[in-house]
Amino acid sequence: MKLKTSLLAASAMMAMLAGGVNAKTLIYCSEGSPEGFDPAPYTAGTTFDAAARTVYSRLVEFAPGTTSIVPGLAESWTISEDGLEYTFKLRAGVKFQTTDYFTPTRDLNADDVIFSFDRQGNADNPFNQYVAGISYEYYTSMGLDTMIKSMEKVDDLTVKFTLNAPNAPFLADLGMDFASIVSKEYADTLMAAGKGADFNNQPVGTGPFVFVAYQKDAVIRYKANPDYFGTKPMVDDLVFAITTDAAVRAQKLKAGECHVMPYPAPADIEALKADPNLTVMEQAGLNVAYLAYNTLQKPFDDPHVRKALNMAIDKQAIIDAVFQGTGIVAKNPIPPTMWSYNDAVKDDAYDPDAAKKMLADAGVSDLHMNIWAMPVQRPYMPNARRTAELMQADLARIGVTAEIVSYEWGEYLKKSTELDRDGAVILGWTGDNGDPDNFMNVLLSCQAAGEGGANRSHWCNEEFSDLLAKAALASDIDERTRLYEQAQVIFKDQAPWLTIDHSTVFMPMSTKVTGYVMNPLGTHAFDTVDIAE
Amino acid sequence: MIKFILGRLSYLIPTFIGITIVAFGFVRILPGDPVLLMAGERGMSPEHYQEMMARLGFDRPIWQQYLDYLWKLLHGDFGNSIVTKQPVLSDFLTLFPATLELAFCAIVIAVVIGVPVGVLAALKRGSWFDQVTMTSALVGYSMPIFWWGLLLIILFSGNLGWTPVSGRMSLLYYFPTPTGFMLIDSLMSGQKGAFASAASHLILPSIVLATIPLAVIARQTRSAMLEVLSEDYVRTARAKGLTPRRVVGVHALRNAMIPVITTIGLQVGVLMAGAILTETIFSWPGIGKWMVDSISRRDYPVVQSGLLLIAGIVMVVNLVVDLLYGLINPRIRHS
């Protein structure tokens, strides 16, 4: 195995050298090791950056820097009147990558598309368990297992998906990383050779970069795909230098050992901005952090009580202290960069006196509650414990005694979904596909309110859920916008959450780097990036 | 001697079983599990959770899982990572040379500096040299590794630009790595500057990893030397007119080295523990960083088998030290 890896590396090196002495190499200090190179079984952004955004492409893509859907491997598509049939016309002449370990004999066709989804949703597909114990979490959690009724190859370059019920976010789902299109021919070749597991180690796709080698936990090397159907990458070679510690990543960037780094520590941002050799791009994150009350628990079942507590907490003070100003106060469950954001919604103003009165009017006195603070940093929340402390102090001002509790992260995630959870929980969300459904339906609908579901407030409002259901069925975006705007009004009125913040995402890079576009969905792609010599 | 070796080997079996129980139990005692972490903020219905646990075989009684693990171990199967799906043993073998290379450099630094410093401090007992070195050793021993590593990076790599920040090799070099030891592979590659790059990448992590063993070895050498120097045979050696160099080098040091060798052997365990933090700071792709990642993902098979393999290495090294000890100290061998 080792010898084989070495030989592969050697031949890859020869290929790279043959590329010429002036090859442009972009080095990206990535934050962790990919779990594998097949995007379908995984859920981590680190894996998607290393596999889905480099090696693979999808039927539809998100236009760089936006969440709007543009053609990918499908050059066009039609949706039937009833919203049940999606017919995709594939680009002709799209080539799978030629690597040291695989040479394709045919171009991309409908079989590859059907195979890419069938292997995830159909347990009888021989490739479903190409590695024992594998599961396809995103396919299931996005509901594609129940959403797709059938897939049909109309002709070599036409695929028709039939759904069980209309579902407007379906198209956006197909732009997600797990929906990357893989080569059926490659999978069949590996299966025939009894080497199915290699599918996860030696990827073959149609994306902008060709996988060259992975040195575990250290370096991933790619080269530009000469046969890429889109605009050819500007750099010749792309290298991921795996550097887990944020402070060390910042040092590497400053020392010129890499050109781009993600996820700087908040404390390092000022120093990085001050460095004349670096630029720090920033963008409002497609995320939200919230404090979810348990609306099944007294007195939090009363919206007046929840609203009173919301009015007692100074959110701007949290943004200033915890985010050092690098975020904005949230008033809706979706971020302002997302379509259908209802800016007309008025946030509950910070007013401790009014809050105190409102609480008394609701017949609540001497209230004791728990605030759950998660033990980890997340993109939407750098320090939950500090946030909880600020909330605790604010609540004390209106006579509410709050105790801060925490658990190990896995336990926290599990216990926070329990129906009899004691207390309000700090948590958040980062969007998967830029669709409001991916926030409101996942986090606040009645379906998600059960034990184990993502609706941590256990808030089930029929009117709200009906609006979401209607919006998911509608295909007209204006109609959907109107429905989601209405839903946000109900949300604010009922206050199942204290909406805390939408954080800012930073991307420091060398001034030599041009063309980098920040992706609101949080993935990192380099096909548009150039680097000055 | 054979009886001595067999005696020492017989300790290995119960130790091995003990380690499997500890390693197996350790990860399961930690709160949280891999399926919960996989689900993240999205949550997972209790039914799907059960299905996932069953798919991974974690729904079975704990004793059954343990026996299954033991059975597979006896057949040479260390299991597969539930995250990467790769065999644990092959990942270990890929990553271990990086740790070994780093640990070797660290122990060389610790011995080459620690022993002479300890000897000199003993010979000049109470002098400023003794006080400065022994205080430094105490500071080194108490040093928080993560802080120390980051401090060196900021100073030498960030401000002075003398050493690379992290990694094993400049990414501009690219060559096959048949041995996994970057110093050797870089020489074999024949690429100009590759060896220098590999060596420069080793400097800071080796210093950081060597810090605690260096402190321990220096202090142990000093106290062993002091003890030996007050022995009658040293006084006799002096009395019969031997040069101070011969008294110290032959009569004192040789005897003082007996406990020091044991200490050096014990430092292998410390190096393995230190590697966890050092490798994380320096993005060193070895088994320490691998274990940290696996623990945070609750990758049970990797943690339990990884711990076992690391413990196995520490055990073998300690066995070798025991045997060496017996070799240089006949009193042990014949007791």
Would region A:477-490 turn up any residue that is acidic (Asp, Glu) and free of Cβ contacts under 8 Å to residues at least 40 places away in the same chain?
yes
Sole exception among (1) within 11 Å of another protein chain (Cβ to nearest Cβ); (2) modelled with pLDDT of 90 or more; (3) outside any loop (DSSP other than H, G, I, E, B); (4) surrounded by 16 or more Cβ atoms within 10 Å (Cβ to Cβ) for B:Gly158, by number
(2)
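Tell me which helices (runs of 4 or more DSSP H) are completely within region A:88-205 and hold 1 or more residues being free of Cβ contacts under 8 Å to residues at least 40 places away in the same chain and open to solvent by 20 Å² or more (accessible area, probe 1.4 Å), or say none if there are none. Before the answer, list the steps.
Values: elements: A:110-121, A:137-141, A:144-147, A:170-173, A:184-192.
Output list reads A:110-121, A:137-141, A:144-147, A:184-192.
One line per residue, one yes/no per condition, for (1) crowded, with 22+ Cβ neighbours inside 10 Å; (2) over 23 Å from B:Ser305 (Cα atoms); (3) within 14 Å of chain A (Cβ to nearest Cβ):
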position	(1), (2), (3)
B:Asp91	yes, no, yes
B:Thr99	yes, no, yes
B:Cys105	no, yes, no
B:Val111	no, yes, no
B:Ala121	yes, yes, no
B:Trp128	no, yes, no
B:Gln131	no, yes, no
B:Thr135	no, yes, no
B:Ser142	no, yes, no
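Return the residues of region B:49-60 that are at the interface with chain A (Cβ under 7 Å from one of its Cβ atoms) and either among the small types (Gly, Ala, Ser) or open to solvent by less than 50 Å² (accessible area, probe 1.4 Å) (or both); say none if nothing qualifies.
Looking only at region B:49-60, we keep the residues that are at the interface with chain A (Cβ under 7 Å from one of its Cβ atoms), and these are B:49, B:52, B:55-56.
Correct list: B:Tyr49, B:Met52, B:Leu56.
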Exactly one condition in (1) closer than 19 Å to A:Ala449 by Cβ; (2) open to solvent by 10 Å² or more (accessible area, probe 1.4 Å) is not met by A:Asn294; state its number.
(2)
Within the bounds of region A:297-310, is there any residue that is without any contact (Cβ under 8 Å) to a residue 40 or more places away in the chain and either touching an Asp or Glu at 6+ places or on another chain (Cβ under 6 Å) or over 22 Å from A:Arg385 (Cα atoms) (or both)?
yes
Residue count, region A:236-262 (criterion: at the interface with another protein chain (Cβ under 7 Å from one of its Cβ atoms), touching a residue at least 12 places away in the same chain (Cβ under 8 Å), farther than 15 Å from B:Ile281 by Cα and open to solvent by 10 Å² or more (accessible area, probe 1.4 Å))
2
Does any residue of region B:34-45 turn out to be modelled with pLDDT under 85, small (Gly, Ala, Ser) and at negative phi?
yes
Quick one: would you say A:Val260 is modelled with pLDDT of 95 or more and under 21 Å from the mean Cα position of the chain (by Cα)?
yes
Tell me which of these B:Thr133 doesn't satisfy, since it passes every other one: (1) touching a helix residue (DSSP H, G or I) at 6+ places or on another chain (Cβ under 8 Å); (2) assigned to a loop (DSSP other than H, G, I, E, B); (3) closer than 30 Å to B:Glu227 by Cβ.
(2)
Pairs with Cβ under 8 Å, 6+ apart, first in region A:277-291 and under 24 Å from A:Phe62 (Cα atoms) and open to solvent by 10 Å² or more (accessible area, probe 1.4 Å), second among the β-branched types (Val, Ile, Thr) and in a strand (DSSP E or B):
A:Glu282/A:Thr504; A:Glu282/A:Val505; A:Gln283/A:Thr504; A:Gln283/A:Val505; A:Ala284/A:Ile328; A:Ala284/A:Thr504; A:Ala284/A:Val505
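The values are calculated or read from the model by the stated rules, or taken from the named source; none is laboratory data. The shown structure was predicted, so the numbers you read here are calculated from the model rather than taken from an experiment. Please note: Cβ atoms are built from the backbone with ideal geometry, for glycine as well, and neighbour counts cover all protein chains shown. Calculation scope for accessible area: heavy atoms of the full protein, side chains included, ligands and nucleic acids excluded. Shrake-Rupley method; radii C 1.70, N 1.55, O 1.52, S 1.80 Å.
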